[in-house]
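For reference, the structure is listed below as structure tokens.
The values are calculated or read from the model by the stated rules, or taken from the named source; none is laboratory data. The structure presented is a predicted model; accordingly, all values stated were derived computationally and were not measured. Cβ: placed from backbone, ideal geometry, glycine included. Neighbour counts: every protein chain shown. Only protein heavy atoms, including side chains, enter the accessible area calculation; ligands, DNA and RNA are left aside. Shrake-Rupley method; radii C 1.70, N 1.55, O 1.52, S 1.80 Å.
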Amino acid sequence: MAARRVAAAGCAWPWGLLGWARPERFLASGSVFPLSCIHTSTPLEKLGKWEKKNRIVYPPQLPGEPRRPAEIYHCRREIKYSKDKMWYLAKLIKGMSIDQALAQLEFNDKKGAKVIKEVLLEAQEMAVRNHNVEFKSNLYIAESLTGRGHYVKRIRYHGKGMFGIMKLVRCHYFVKLVEGPPPPPEPLKTGFDQAKEYVQQLRNRTIANTL
Amino acid sequence: MPSALSKEAISLFHWCPASAEPCRSMAALVIFPSPLPRLHAFLQRCWGRLGRGVFPGFSGPQSLPWGPALAVQAPAFFPEPVEEASESNEAPSFLDSILWMAAPKKRRTIEVNRCRRRNPNKLIKVKRNIDVCPECGHLKQKHVLCGYCYAKVKAETQQIRLEIRKKEGGPFNAPTLETVVLYDGEKPTEKDEGKRIIERARKRPSWFIQS
């Protein structure tokens, strides 16, 4: 196996992809090998952290514990849109129920709205199919984030032989759906509350190394 | 005149051997007549260089029009006043336009940028005018036709227009009659006497009421 691998290193890269399976193995013996032993595709796309969050398995809950709500993590990578523009849409749907979020995105004219709507529908489908969610409407958006994707530099031609270098931007979009009704929005902090907190902080001060 | 005077005065100044202290009385000496034509030509060239823009910061026009005073009968001004004036008019305007351009004084910090980008007037507003269409159940805005219903009517209209095109067979063949659309199993009534009849090979859609 090691010798074969060393020989393969000198050859073209497809051999490396197929791993340890080689056609001569099948042809050598007369019987048909079970195909489950072939790795036909290696994990070329490295799983990101967000995708791995769906794989965590909690220990079974004890009888008295409150039910842990289901959490579904979904994302889309390398969307051809700006992360700053996408952020406004992510901020819009943060904390909404999934139905309300879909309604808002349907009547929004931005390019990212269509993409996020597709992502939400995919996540909803995943939730019902794989994550044991009973009602597809009983979900709310706990987290919705954007990230920067790979940027590519290109030349932008101006007049008089001048040129500029432009960036083709891409972004990622991440969403976490949680089962249950959406939590009520936090009341905004008034100036009075902030003043009370400040006064309390002043009152909590003590002098060190004294009685 | 000043340079000529100062030169001669200085040479006399340093040259008074009689007393040790500087003889200031010598400064008020007789003015030499413009001495040699060589010196006069040198002075002329100096003035010329000055005017032509060796010192571009100069506001030229005030100092130029008059030349050194000469005892000899000769023109006191130089033969090229026009070009100098035009040159001196050009240079300040070019420099002025560069000096008065608006430019940012300091880099905008990320905190300032965030305050501007996340200001509530820049965030997307939540739409409160979304309802459910009573016909199809899809979402619609209150003041806008339902997108789904509009699309289905548009599709059916396109099919009817196809039939009309087949019947007419070319442009400019539209008869000056009304049109009636009949679906499967419908007969023209007495009301449809003088009208052109278009057949559609399908069941009548529920939303297309037969008049």
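Restricting A:Arg129, A:Arg170, A:Arg154 to residues that are modelled with pLDDT of 95 or more, under 19 Å from the mean Cα position of the chain (by Cα) and loosely packed, with under 13 Cβ neighbours inside 10 Å narrows the list to A:Arg129.
Wholly within segment B:122-187, which strands (runs of 3 or more DSSP E) include no fewer than the required count, namely at least 3 residues that are away from chain A (no Cβ under 14 Å)? Steps first, answer last, please.
Values: elements: B:130-132, B:139-141, B:179-182.
Passing ranges, in order: B:179-182.
Does segment B:124-171 hold any residues that are over 49 Å from the mean Cα position of the chain (by Cα) and hydrophobic (A, V, I, L, M, F, W, C), and which are they? Answer for segment B:124-171, where residues must be over 49 Å from the mean Cα position of the chain (by Cα) and hydrophobic (A, V, I, L, M, F, W, C): B:Cys136, B:Ile160, B:Leu162, B:Ile164. Annotation: of all residues in segment B:188-206 being out of contact with any strand residue (DSSP E or B) (no Cβ under 8 Å at 6 or more places or on another chain) and either within 27 Å of B:Cys136 (Cβ to Cβ) or assigned to a strand (DSSP E or B) (or both), the one that is most open to solvent (accessible area, probe 1.4 Å) is B:Lys203.
Screening segment B:104-121 for residues that are open to solvent by 80 Å² or more (accessible area, probe 1.4 Å) and in a loop (DSSP other than H, G, I, E, B) and picking the one that is farthest from the other protein chains (Cβ to nearest Cβ) gives B:Lys105. Note on segment A:65-116: residues that are closer than 20 Å to A:Val133 by Cβ, away from chain B (no Cβ under 14 Å) and among the acidic types (Asp, Glu) total 2. Selection of segment A:91-126 for residues being open to solvent by 80 Å² or more (accessible area, probe 1.4 Å) and either at pLDDT below 95 or more than 18 Å from the chain's Cα centre (by Cα) (or both) yields A:Asp109, A:Lys111. Of the conditions (1) more than 17 Å from the chain's Cα centre (by Cα); (2) surrounded by 10 or more Cβ atoms within 10 Å (Cβ to Cβ), A:Leu177 clears all except one; give me its number. Of (1) more than 17 Å from the chain's Cα centre (by Cα); (2) surrounded by 10 or more Cβ atoms within 10 Å (Cβ to Cβ), only one is false for A:Leu177: (1).
Only residues that are surrounded by 10 or more Cβ atoms within 10 Å (Cβ to Cβ) and under 14 Å from A:Cys75 (Cα atoms) were counted in segment A:48-63, giving 6.
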